[in-house]
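Engineer: First the structure, then my questions, so here it is.
The values are calculated or read from the model by the stated rules, or taken from the named source; none is laboratory data. Just so we're clear, the structure is a prediction, and the values are computed from it rather than from any experiment. FYI the Cβ positions are ideal-geometry reconstructions off the backbone, even for glycines, and counts take in every protein chain you see. The area values use the complete protein model at the heavy-atom level, side chains included, leaving out ligands, DNA and RNA. Shrake-Rupley method; radii C 1.70, N 1.55, O 1.52, S 1.80 Å.
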Amino acid sequence: MAGKFELYEDKGGDWRFRLKAGNGEIIATGQGYASKSGALNGIDSVRRNAADAEVVEVEN
């Protein structure tokens, strides 16, 4: 089964998304957005940018 984006409105009224792997595990979450269209734009950004994203290790 392929992964999927879940789009939902949280208790505070913000729109959010999460990316779930095929096994149902949450592998990414988005920030809160004031509008549904903003959250959909966030999903689109992840789709466009994730494939070529560089992996950078940072120190805490």
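Engineer: Taking amide H positions as placed in the peptide plane 1.01 Å from N, state which residues far from ALA28 in sequence (5 or more) or on other chains have amide H under 5 Å from it.
Structural biologist: LEU19
Engineer: Below 9 angstrom from the Cβ of GLN31, what's the summed charge of the other residues (Lys, Arg +1; Asp, Glu -1)? Show your work: numbers first, answer last.
Structural biologist: On the way: positive: ARG16; negative: ASP14.
Every neighbour counted, the sum reads 0.
Engineer: Relative contact order for the chain: what percent, with Cα pairs under 8 Å and sequence separation of 6 or more? Display every interim value, and only then the final one.
Structural biologist: Values: 75 pairs, mean separation 14.9, N = 60.
Value for the chain: 25 percent.
Engineer: Now a separate question. To the nearest 500 deg cm²/dmol, what mean residue ellipticity at 222 nm is calculated for the chain from DSSP H runs of n ≥ 4 alone, each contributing -39,500 (n - 2.57), summed and divided by the residues?
Structural biologist: Details: 1 runs with 14 residues, N = 60.
Estimated from H runs of four or more residues: -7500 deg cm²/dmol.
Engineer: Ignoring ligands, DNA and RNA, what percent of the 1.4 Å accessible area of the chain is carbon and sulfur?
Structural biologist: Values: 2220 of 4790 Å².
Reported share for carbon and sulfur atoms: 46 percent.
Engineer: Continuing with the same structure: Could you give the spread of the C-alpha atoms of the chain along their three principal axes, from largest to smallest, in whole angstroms?
Structural biologist: 34, 31, 24
Engineer: To the nearest 10 degrees, how steeply does helix 36-49 sit against the main Cα axis of the chain, on a 0 to 90 scale?
Structural biologist: So the helix axis and the longest Cα principal axis differ by about 10 degrees.
Engineer: Using the Cα centre as the reference, give the magnitude of the dipole from point charges on the C-beta atoms of the chain (Lys, Arg: +1; Asp, Glu: -1; all else neutral), rounded to the nearest 20 debye. Walk me through the intermediate numbers first.
Structural biologist: Details: 8 positive and 10 negative charges, 76 e Å.
The calculation lands at about 360 debye.
Engineer: Using a 1.4 angstrom probe, figure out how much accessible area the chain has per residue, in square angstrom, rounded to the nearest whole. Could you put the intermediate results ahead of the total?
Structural biologist: Numbers: 4790 Å² over 60 residues.
I get 80 Å² per residue for the chain.
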